[in-house]
């Protein structure tokens, strides 16, 4: 099988193309981070020889970025251009594709509304959308786009202390990258799916403060709570993908990330 991963250098994309290669499948990379010419907002694709397409490209980041006031207009413009350029090309080619969405498509924000539009449009083209719930599993470079668990692990290992931005009262469902990869592949390869949108999630609610406390137990780091109340988004679970179940517990996933961060610190790469 030849797979085109649009957004192959993103947080999930980098992990996913390695997963596909591990299955012995051919992967074609496409991402503006590799080459400015690989801009899915404008690029005219040649899908000849492509069996499967994964639509991961998006203007996205962790909660710090998604809710950042000054990024809202750029998020809106960027993601609308992605959809209006790419989906008509997919409609004309009729190559099988999966649209990667988010549980936040239930939320009335720029990110949520554009993801919801992507789900609806993809569904009209006969594609399946997969809603991801708070991906984690790899330590990221620290920035406004990095995700909360990565931020916690980074702080705990590098500084011996986690300083939370909120009081940690917000509720989340976290999903490990390993489970996400299997979920995306299942959505693509399953032959009897009766819905157009499915969840890839742990289906287990946990408060963010509990996650931070768990990381502190693993690392002996100190924990400082923020004064701001956490914001919970209780999106609906639309249904698990048939043939797929999460396999990586949060405890195991966090332990693996702490180990990864410690190795990075020893090699001078935890910057």
_Residue check, residue 122 assigned to a loop (DSSP other than H, G, I, E, B), within 19 Å of residue 104 (Cα to Cα) and in contact with a helix residue (DSSP H, G or I) (Cβ under 8 Å, 6 or more places away or on another chain)_ = no
*So which of 221, 212 is over 21 Å from the mean Cα position of the chain (by Cα) and closer than 17 Å to residue 168 by Cβ?*
221
*Collect the residues in region 245-261 that are surrounded by fewer than 19 Cβ atoms within 10 Å (Cβ to Cβ), touching a residue at least 40 places away in the same chain (Cβ under 8 Å) and part of a loop (DSSP other than H, G, I, E, B), keeping them in residue-number order.*
247
*When you go through 239, 230 one by one, which is the residue that is surrounded by 14 or more Cβ atoms within 10 Å (Cβ to Cβ) and within 21 Å of the chain's Cα centre (by Cα)?*
230
*Scan region 212-227 for residues that are over 17 Å from residue 159 (Cβ atoms) and either surrounded by 14 or more Cβ atoms within 10 Å (Cβ to Cβ) or in contact with a helix residue (DSSP H, G or I) (Cβ under 6 Å, 6 or more places away or on another chain) (or both) and jot them down.*
214
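Throughout, read-outs are computed from the coordinates displayed, never taken from laboratory work. None of these values were measured; they are calculated from a predicted model. Here Cβ is always computed from backbone atoms with ideal geometry, including for glycine, and neighbour counts include all displayed protein chains.
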